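Student: Let me give you the structure first, and then I'll get to my questions.
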Amino acid sequence: MNNLNNRTLSLQRTFNAPIELVWEAWSQPEHIVQWWGPKGMETKVIEHNFSEGGAWKYAMLMPDGNEFIADGIYIKIVKLEKIISSANFKPMTEGVEIQALFEKDGDRTSFTFNVVHPTEEYCKQQEKMGFMNGWGSVFDRLKEFVDTSNKK
């Protein structure tokens, strides 16, 4: 088995919003459509069974009309702590595990996102393809969404 660190890409963010709100943004379909996917993309939730063993499937609509499908199966869900899921983002990425980790920091939330790849080579290739920019853009949208929701 390859060293996990060599197969994992991570991003960290701190959100100026309570952990409950950030958790809801990840676990409720009506919130997910507000931020999932890079800027300029519209997201449709096709399937969302938020439970261990449950499937999720989202379609991301590109401005040019093309559609990307993201799907996976929830492996582990610990309320206000972690969401671990298998994930495919066809055609770019397949067979990865995504880990969303939440930590309460007063009235803010520390958030870590890990993507574990099947091999080190695949991990390096994904990083070169723009992992940080792509997911960075998604979490900028998430930050905007929770910050705005928190002010309501």
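Values quoted throughout were computed directly from the atomic coordinates according to the rules given, and no laboratory measurement underlies them. Being a predicted model, the structure only gives us computed values, none of them experimental. For neighbour counting, all protein chains shown are included, and Cβ atoms are generated from backbone atoms with ideal geometry for every residue, glycine included.
Student: Any idea which residue in segment 45-81 is farthest from Phe131 (Cα to Cα), counting only those that are loosely packed, with under 15 Cβ neighbours inside 10 Å and among the basic types (Lys, Arg)?
Tutor: Lys79
Student: Those residues that are among the aliphatic types (A, V, I, L, M), crowded, with 16+ Cβ neighbours inside 10 Å and more than 15 Å from Glu24 (Cα to Cα), I need them from segment 104-152; list them, please.
Tutor: Val115, Val116, Val138 - these are the residues of segment 104-152 that are among the aliphatic types (A, V, I, L, M), crowded, with 16+ Cβ neighbours inside 10 Å and more than 15 Å from Glu24 (Cα to Cα).
Student: Taking segment 78-99 on its own, how many of its residues are within 26 Å of Glu42 (Cβ to Cβ), aliphatic (A, V, I, L, M) and not in a loop (DSSP other than H, G, I, E, B)?
Tutor: 4
Student: Pull out all pairs, ordered by first then second residue, where Cβ-Cβ is under 7 Å, the residues are six or more apart or on different chains, the first lies in segment 93-106 and is under 13 Å from Val22 (Cα atoms) and touching a residue at least 24 places away in the same chain (Cβ under 8 Å), and the second is among the aliphatic types (A, V, I, L, M) and part of a strand (DSSP E or B).
Tutor: Note: pairs meeting the criteria are Ala100/Ile83.
Student: Select from segment 94-152 the residues that are over 19 Å from Lys76 (Cα atoms) and β-branched (Val, Ile, Thr) and list them in ascending order.
Tutor: If the condition is that a residue be over 19 Å from Lys76 (Cα atoms) and β-branched (Val, Ile, Thr), then Thr109, Thr119, Val138, Val146, Thr148 are the ones that fit.
Student: Select from segment 112-152 the residues that are polar (S, T, N, Q) and assigned to a helix (DSSP H, G or I) and list them in ascending order.
Tutor: Gln125, Gln126, Asn133, Ser137, Thr148, Ser149, Asn150, listed by residue number.
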